[in-house]
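The values are calculated or read from the model by the stated rules, or taken from the named source; none is laboratory data. All figures in this text were calculated on a predicted structure; none of them were measured in a lab. Methodologically, a virtual Cβ is constructed for each residue, glycine included, from the backbone with ideal geometry; neighbour enumeration extends over all protein chains shown.
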Amino acid sequence: MRIARLLLIASLVPLQAPALALSAEGRTDVLHDLQQGRADAAIHLLEPATAGDNRDAEAQQFLCRLALQLEQWDNAITACEKAVAIDGNNSNNHLWYGRSLGEKADRVSFIKAYGLAKRVKAEFEIAAALDPRNAEALSALGEYYTEAPGIVGGGKDKAAAVADKLDAVDHARAEELRGRIAASNKDTTAAEQHFREAITASRRPASYWMVLGSFYQKQNDLARMQAAIHSGLEADGGHGEPLVDAAHLLTRAGQDPQSAIRLLREYLASPEKSEDEPAFRVHLLLASLLNKQGDTAGAAREIQAATAIASVYHPTKQVATNTGR
């Protein structure tokens, strides 16, 4: 894979000139490519910046984030490990390293996951300690404490303490975390209340409406799930990542595939996209839905669109098989 070759090049001593540093304009362009899901374009920019003896921690972090989008967990770990080695005082380097380790832990045996989980905890704790106002790091740490068993350092009391710290940084995130803690404790009444408080506290509540919708979906309360989706799409004018969140909810619940298709198309047509929902993966999700509706030609077009911006994303081959290409 090209990104794996990129990482190999980055580990070698240069035979000629040292690698070129990523310019300020280049950094902006890479971030934009990550947000728009243009994996091939991001690789093109990152290749010279991560080659040879270049000690550009941010470029390595970008490479890690790109590998996460491409679901290349080992490559993500390698790149983020390099970012931390170069700049261990950067909170976000540790945050992304922890995330990459967490993705790997979700996909290995229990014994291997045990060791990885402790490393995830350590990285999130370092990220939160280095920057106590890093809301994403605090949220990641709180979610880890909520979901992880005590044997690997989890604990609801620890998560509640993180929520208290989050209050001063991002009250909506704090309430979301409290909702997750309550849901983990099977206290559905308190969970719903906290999720609704997160909606009220946020300036852009659509994402939190989708969190509430997910809560209802897990309770198999599909009518209230649909109502939460509708409220969320109305709240922010129906754009950005919540469109994909809504489509995911409908798909998981087996509800209204035509609305899910419409929402994904609106997201892809919008300039406001999310790094967490890269366009190439959304194209493939849309291809899968179209294929299930019997629109094989439409599915093939979505696969082509995904391949055009992320030719290195291997799941495109599997989706192509599933859609009859």
Just a yes or no: is a residue in the stretch 70-83 modelled with pLDDT under 95 and of a type outside the set (D, E, K, R)?
-> no
Single condition residue 206 does not satisfy, out of (1) of a type in the set (Gly, Ala, Ser); (2) farther than 23 Å from residue 136 by Cα; (3) within 20 Å of the chain's Cα centre (by Cα) | (2)
State whether the residues of the stretch 186-200 include one that is closer than 23 Å to residue 137 by Cβ, modelled with pLDDT of 95 or more and within 19 Å of the chain's Cα centre (by Cα).
-> no
Candidates 236, 256, filtered to the one that is modelled with pLDDT of 95 or more and acidic (Asp, Glu) = 256
The stretch 238-256, subset of a type in the set (Asp, Glu) and in a helix (DSSP H, G or I), residue farthest from residue 38 (Cα to Cα) = 245
Can we say residue 96 is within 21 Å of residue 37 (Cβ to Cβ), touching a helix residue (DSSP H, G or I) at 6+ places or on another chain (Cβ under 9 Å) and either surrounded by 22 or more Cβ atoms within 10 Å (Cβ to Cβ) or not hydrophobic (A, V, I, L, M, F, W, C) (or both)?
-> yes
In the stretch 152-197, anything free of Cβ contacts under 8 Å to residues at least 12 places away in the same chain, assigned to a helix (DSSP H, G or I) and over 20 Å from residue 214 (Cα atoms) is listed as 157, 161, 164, 167
With the condition kept exactly as written, say whether any residue in the stretch 257-271 is farther than 27 Å from residue 71 by Cα, without any contact (Cβ under 8 Å) to a residue 24 or more places away in the chain, part of a helix (DSSP H, G or I) and among the basic types (Lys, Arg).
-> no
Flag for residue 219 being more than 30 Å from residue 305 (Cβ to Cβ), free of Cβ contacts under 8 Å to residues at least 40 places away in the same chain and out of contact with any Lys or Arg (no Cβ under 7 Å at 6 or more places or on another chain) | yes
Select from the stretch 290-310 the residues that are touching a Ser or Thr at 6+ places or on another chain (Cβ under 7 Å) and surrounded by 15 or more Cβ atoms within 10 Å (Cβ to Cβ) and list them in ascending order.
-> 291, 299, 300, 303, 306, 307
Of residues in the stretch 99-121 being surrounded by fewer than 17 Cβ atoms within 10 Å (Cβ to Cβ) and within 19 Å of residue 69 (Cβ to Cβ), the one farthest from the chain's Cα centre (by Cα) = 107
The lone condition residue 316 fails out of (1) touching a Ser or Thr at 6+ places or on another chain (Cβ under 7 Å); (2) polar (S, T, N, Q); (3) at pLDDT 95 or above is (3)
Note: among 304, 217, 226, just one is over 24 Å from residue 179 (Cβ atoms) and in a helix (DSSP H, G or I), namely 304
Hits in the stretch 292-315 - residues which are under 21 Å from the mean Cα position of the chain (by Cα) and under 15 Å from residue 42 (Cα atoms) = 306, 307, 309, 310, 311, 312, 313
